[in-house]
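Throughout, read-outs are computed from the coordinates displayed, never taken from laboratory work. Since the model is a prediction, treat every value here as computed from it, not as a measurement. Neighbour counts are summed over all protein chains in view; Cβ atoms, including those assigned to glycine, are modelled from backbone coordinates with ideal geometry.
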Amino acid sequence: MVQTVIRNVLLFDGRTAREGATVIFNSESGLIESVSTTSVSPSSYPAGATVIDGRGHTLLPGLIDAHIHSYGLHLPPGSDIAGVLKGPLKCGVTTVCCMHSDSENVWDHQKRLKTELDAARKAGETGTVTMSSLKSAHLGATIDGGWPVPIVMANHPTEEVSTTPPKDDTSSDFPQLKVAISKWPKLTAETAADFVADHKKRGADYIKLMQENCCSLAFPTNSIPVATLELQTAVVDAAHKHGLKVLGHATAIENTEIILKSGADGLAHTFIDQAPTKAIISLYREKNAFVVPTLVVLTSLTGEEQTLREKFADIASSKGLIDSTQKENMLASLKAPAEGASIEHAYESIRQLKAAGIDIAAGTDSVAGLQGTAIGPSLWQELWMYVEKCGFSVQEALHSATEVSARRLGFDDRGTVEVGKRADLLLVKGNVLDGLENLWEGDGVINVWKAGIRAA
């Protein structure tokens, strides 16, 4: 029994909503076979198919978190790294996009994912999956001593915050962090092309730039080396020659401007240092760039919106998505803003970018163990902020977490409910378009499928 029929359901296909839909998908191929909004006779259903009556439910594409990190540098010793990908699937997040992690970490995750998917298909009707799909930039285009050394080391204070230690250094209390940092690229404009070619061979799905001088953060401005426009342009040009999209980290307007001028496809954050200017909105339009707001991590950085952290930590805990340690972490915040930095600047930037027709792709910058975040539940919080703080309709928020993210990141096989697309789907009790809270209140997400296979 490899086919599933969901009938009489309210369908949000990633773009628009339609009532009384019937969707048929196949767990063997992992693909959607049929989508209809007209009456379909049960006699035409595939023989032996599992039939689910979707009355009173909403069917959506699997959600995509367009900015997370899959490493375990913030996890307590002995933690299960596989858990990084288990939490989000229960929330309906079928794909997570890592924006900086070493290749060994990515390959380990992908090996587990393949093993699990193969076993689930072999098991047939009883097969289930537990982990979200992983896309990754592998390591970002870092420079010697540059970002993200400060934020990675912030939870593990030493006197050597921005040093690059030898690989065999075990003298610090946090040797695993220092060893990880020692492996990061130390790019120059001359080595940019080789970096991109190597990452393409490693299986990178896109390239991540780092543009941070700490002017919006509670670190001394220009206390770390900062990438030049020449370097960022060299990386972007090389990536585009290899058919790879490029996103750039920036949390301030001046750094956002550099990323946009480099020709990058999008920004991996919005900015918090000041209100948006007409010039930056115009530059976004000129470059046809998109933005992944990551409001969740920005509120953690500024230490604002504690009530929202409490709200979603309670939701995640009550639904068994996080344990007590993870809840404590989700309730905490980084509290590292520069003077004048504010989440209101971020909200206003997204309001104005949305009004200007700029694509908004939903993402959180969640990391397992990073204060104020939890991969999975944080995307619910992110979408809630789009609606409550940035003027999105529920449909627009869900669009940002499905079709927009898939299209702008170049994932042609997912993000919409269409024939031939991956059967990454979630079934929610109630009409989600009437209230985003239906994702988590009451029964909430009652079924998730990844490539046509039901989540455990």
Handout entry: Options A401, G54, N255, ranked by Cα towards positive dipole end of the chain, top entry (Cβ charges)
Key = G54
Completion exercise
Note on the stretch 38-136: the mean projected area of its alpha-carbon convex hull, in nm², is 9.0
Handout entry: 20 Å Cα-Cα reach of K241 towards aspartates and glutamates, excluding residues that sit fewer than 8 places from it in its own chain
Key = E190, D194, D198, D205, E230, D265, D412
Handout entry: Simple label model, 7 Å out from Cα along Cβ direction - Q395 to T115, nm
Key = 4.5
Completion exercise
Here P(r) for the chain, Cα-Cα distances in 20 Å bins, as whole percents, is 26, 58, 15, 0
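In Å, the Kirkwood hydrodynamic radius of the stretch 303-356 over pairs of distinct alpha carbons?
Mean inverse Cα-Cα distance, inverted, gives 13.0 Å.
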Problem - Positive dipole terminus of the stretch 62-415, leading residue within G410, P377, L117 (C-beta point charges) - result: L117
Exercise for the section: List every residue whose amide H lies under 5 Å from the amide H of H100, counting only residues 5 or more places away in sequence or on a different chain, with H placed 1.01 Å from N in the peptide plane. Expected result: S70, A137
Problem - Loop GluC sites (Glu not before Pro), the stretch 295-360 (other Cβ atoms within 10 Å of the site Cβ: 12 or fewer; DSSP) - result: E339
Completion exercise
Looking only at lysines whose Cα falls under 19 Å of K186's and that sit 8 or more positions away or on another chain, we get K167, K178, K200, K201, K208
Completion exercise
Quick calc of log₁₀ I(q)/I(0), the stretch 1-82, Debye, one scatterer on every Cα, no solvent, q values 0.18 1/Å, result -0.77
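If the only charges are +1 at each Lys and Arg Cβ and -1 at each Asp and Glu Cβ, what is the size of the charge dipole of the chain around the Cα centre, to the nearest 20 debye?
Rounded to the nearest 20 debye, it is 1120 debye.
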Practice task
Going by C-beta contacts inside 10 Å, put L334, L63 in order with the fewest on the left.
Solution key: L334, L63
Problem - Qualifying lysines (Cα of each under 22 Å from Cα of K86; at least 8 residues distant if same chain) - result: K111, K114, K122, K135, K311, K319, K327, K429, K450
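Note the per residue figure in Å³ for the convex hull of the C-alpha positions in the stretch 395-440.
Per-residue hull volume (Cα only) is 79 Å³.
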Problem - Selection from Q352, I32, H138 lying farthest towards where the dipole of the chain points positive, charges on Cβ - result: I32
Handout entry: Mean-position separation - Cα centroids, the stretch 210-245 and the stretch 47-90, in angstrom
Key = 31
Practice task
For n ≥ 4 DSSP H runs only, could you compute -39500 (n - 2.57) per run for the chain, divide by its residues and tell me the 222 nm figure to the nearest 500?
Solution key: -10000 deg cm²/dmol
Handout entry: Debye, to nearest 20: dipole size of the stretch 193-288, +1 on Lys, Arg Cβ, -1 on Asp, Glu Cβ
Key = 300
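Would you work out the relative contact order for the chain, in percent, from Cα pairs under 8 angstrom that are 6 or more residues apart?
Worked out over the chain, it gives 21 percent.
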